[in-house]
Each structure stands twice: as C-alpha cells, then as structure tokens.
C-alpha cells in the first residue's frame, strides 16, 4: 500500500512539473495577446471580415516581440538586465532556478553541467541517474529520475564504486528516460565503469 501511495504521489508530482510550465506559458501568451488586441483592433477593421485578423495579428506580434526580446538579452546590456530581474524576482519563485538550469542543459546553452549523467548500481541493476554533487568522503549524491517524467524521482547517496559517469550529453540522458529506456545501449557503451563486483542488469 505504501508503494502504491509513493507511485501515485510521484506520478502526480511528475505530471505537475511537466504541465505547470506549459500551462503558465500558454496563460502568459493569451494575456499578452489580449493586451495587444486593444491596440490593433482599429487597424484590423481594414482586413476582410471573414479573416480572424485580431487573433492572428496579435499572435504574430507576440511572437515577434518574444524574438526581439530574445535578441536583446543576448547583448551585454540585455544580459545584465535579465540577470538583475532574475535575482530580484524570478529566483524567488520556487522551482524557477531548477527549471532554468534543466532547460539550458537540454538546449545545450548551459556552460556548467550541474547534473552529470551516470549509471549507478542499485540492488542488482544499473540505473540511469544524474550526479548532483560529490561529498567529502568521495561518495556521491545522485538523483534517479522516474520514467517517463525525469523531473520526479529519488535521491541516493552512494559510494564511488557504485557510481559510473557516462560520457553523453545531458539531453541524451534525459531522452533515454523519457523514451522508457530506449537508447540505453548508448549509455552503457559510454559508461566509465570500474571493475564490476557482479552481474548487473540495466533498470529504468
């Protein structure tokens, strides 16, 4: 019964972590479109009545605005302004820093690999995981993601002998988890493995 409750709770949290950012993004998009509609409505009357001009033009303008902001934050002044806004506002939102780092690593834009892909020995199996940090005694804190929602899972502290770094990108490791283990052979092939203490099957 306890295992069932943990499974249901993990599934609910994993689904929430996946859907919440999408839901918020859609709400922000619709809100921006509504704000722009007030300004462009007089101009859209010049277009044919059958054409949903207000909605289409609003969407196009929002997309263009996002593109321009994206270009702006790539400049040194824009980057500094973004960092100041993040520190003053967004970093105080629970989970924002985590989502930001994960998105950057999946997109390949992060300069620091905070979560390093690995295969860890749990019971008699090799399990896809991510190294979070190394402890003073040489052991590791690892995060073992759930399938297929990699933002939910369990945290373990394992000895170095049971943690095998994998020479693949963060995005490739995440894809293996979200695809129910498809691509695991690439992880095993790229594993920097120590002499095994016994046979271990790959479990995802």
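Every read-out reported here was derived from the displayed coordinates using simple, explicitly stated rules and does not represent laboratory data. None of the values given here were measured: they were computed from a predicted structure. Neighbour counts are summed over all protein chains in view; Cβ atoms, including those assigned to glycine, are modelled from backbone coordinates with ideal geometry.
Given Cα positions, please report Rg to Rh for the range 116-202, the hydrodynamic radius being the Kirkwood one. With Rh from the inverse mean 1/r over Cα pairs, Rg/Rh is 0.93.
Highest average first, the peptides 45-57, 118-130 ordered by how many other beta carbon atoms sit within 10 Å of their residues are 118-130, 45-57.
Distance between the modelled labels on residue 159 and residue 134, one decimal in nanometres: 1.8 nm (7 Å Cα→Cβ projection). Spin-label model, residue 43/residue 71: points 7 Å from Cα along the beta carbon direction are separated by 1.7 nm.
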